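The values are calculated or read from the model by the stated rules, or taken from the named source; none is laboratory data. Since we're looking at a predicted model, the values are computed, not measured. Please note: Cβ atoms are built from the backbone with ideal geometry, for glycine as well, and neighbour counts cover all protein chains shown.
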Amino acid sequence: MTHEVVLLDGCKGFAPGQVLYSVLNHMAGIVGTIHSDKTAGQVDMEGYNVARSLVGQSVNSQRGQVEIEALIGNIVKHPFVQSRGRDARIIMLIPEDLYAHNSGRPTSWVHGGHFTHDGRDIVVISTNRFYNSGVFDPVHFKYVMTHELGHMYGATPKGRKNTYELLGVHCANDCIMQQSREGDGAKRRAHELHKNGITFCDHCKHEMVRLHRRP
Ligand SMILES: [Zn+2]
Ligand SMILES: [Zn+2]
């Protein structure tokens with residue numbers, strides 16, 4: 001079974017896309033072949049232009065941030081996305097900062113996340129907060145991207161053992177699927193996992209294998 005992915009990279013630089021490329025390879029080692037319509041981290045004017053128009057449709061110019069609910073709604077309606085197979089998962093990178101409208105009680109959404117809307121599986125990540133004084137932190141970005149793709153490929157379903165519910169279902173093991181802390185805590189945790197070579201624990205790995213590699 002091949003997993004189709006549609007990439008929408010709205011970033012000017014290639015560094016985030018190149019990290020995504022390595023994360024997709026890592027995921028493919030667990031869930032099986034992942035076929036993306038373009039190679040992550042390389043020039044893709046079509047995907048870039050689609051991403052830029054989606055950002056333009058979804059930006060709140062007063063806040064200077066992109067509204068996540070508007071963006072998700074616009075992604076599923078976009079002709080480019082609609083022309084792709086219904087099974088294709090969508091991964092979008094944007095350089096703009098995100099916020100959630102949250103029914104009139106706006107909250108900062110920080111990094112983005114995994115969403116299901118209109119039968120589509122979507123991960124949107126803002127690269128904005130992975131830059132410190134203009135320097136990109138690939139380790140922190142890899143940690144968040146792998147975590148969200150773990151949600152996308154079902155690492156922590158409701159009711160699985162060693163999980164808990166806090167802003168979605170998360171893993172209680174020493175694992176990348178623990179609830180990611182905000183700010184510096186998340187960054188420190190990302191570097192600690194990286195140093196120790198930890199991504200998914202065995203429970204999370206087995207769950208994804210079970211879901212995606214059934215004979
Ligand atoms: Zn999570
Ligand atoms: Zn886990």
| Selection within the range 126-159 - hydroxyl-bearing (Ser, Thr, Tyr) and not in a loop (DSSP other than H, G, I, E, B) | Ser126, Tyr131, Tyr143, Thr146
| Can you find even one residue in the range 187-196 that is within 14 Å of ligand 1 (Cβ to nearest atom), assigned to a loop (DSSP other than H, G, I, E, B) and touching a Lys or Arg at 6+ places or on another chain (Cβ under 7 Å)? | no
| note | Apart from one, (1) in contact with an Asp or Glu (Cβ under 7 Å, 6 or more places away or on another chain); (2) in contact (Cβ under 8 Å) with a residue 40 or more places away in the chain; (3) in a strand (DSSP E or B) all hold for Val123; the odd one out is (2)
| field | Boolean, Lys187 is over 19 Å from His26 (Cα atoms), crowded, with 18+ Cβ neighbours inside 10 Å, in contact (Cβ under 8 Å) with a residue 12 or more places away in the chain and basic (Lys, Arg) | value | yes
| task | Consider only pairs whose beta carbons are under 7 Å apart and that are at least six residues apart or on different chains; among these, list those whose first residue lies in the range 166-178 and is within 14 Å of Gly113 (Cα to Cα) and whose second residue is within 8 Å of ligand 1 (Cβ to nearest atom) and aliphatic (A, V, I, L, M). | result | His170/Met177
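Quick grid of which residues meet (1) at pLDDT below 85; (2) among the hydrophobic types (A, V, I, L, M, F, W, C); (3) in contact with a strand residue (DSSP E or B) (Cβ under 7 Å, 6 or more places away or on another chain); (4) under 23 Å from Asp121 (Cα atoms):
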site: Lys158; (1), (2), (3), (4): no, no, yes, yes
site: Lys161; (1), (2), (3), (4): no, no, no, no
site: Glu165; (1), (2), (3), (4): yes, no, no, yes
site: Gly168; (1), (2), (3), (4): yes, no, no, yes
site: Ile176; (1), (2), (3), (4): no, yes, no, yes
site: Ser180; (1), (2), (3), (4): yes, no, no, yes
site: Arg189; (1), (2), (3), (4): no, no, no, no
site: Gly197; (1), (2), (3), (4): no, no, no, no
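Any idea how many residues of the range 35-62 are assigned to a loop (DSSP other than H, G, I, E, B) and more than 23 Å from Glu4 (Cβ to Cβ)?
Qualifying residue count, the range 35-62: 2.
This table checks each residue for (1) away from ligand 1 (no atom under 16 Å from the Cβ); (2) within 14 Å of the chain's Cα centre (by Cα); (3) surrounded by 20 or more Cβ atoms within 10 Å (Cβ to Cβ); (4) among the β-branched types (Val, Ile, Thr).
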{"site": "Ile90", "(1), (2), (3), (4)": "yes, yes, yes, yes"}
{"site": "Gly119", "(1), (2), (3), (4)": "yes, no, no, no"}
{"site": "Asp137", "(1), (2), (3), (4)": "yes, no, no, no"}
{"site": "His140", "(1), (2), (3), (4)": "no, yes, yes, no"}
| said: Pull out all pairs, ordered by first then second residue, where Cβ-Cβ is under 6 Å, the residues are six or more apart or on different chains, the first lies in the range 13-25 and is under 15 Å from Asn128 (Cβ atoms), and the second is among the polar types (S, T, N, Q) and buried (at least 22 other Cβ atoms within 10 Å of the Cβ). | reply: Pro16/Thr127
| query | Are any of the residues in the range 69-90 more than 27 Å from Ile34 (Cβ to Cβ) and either touching a residue at least 60 places away in the same chain (Cβ under 8 Å) or outside any helix (DSSP H, G or I) (or both)? | reply | no
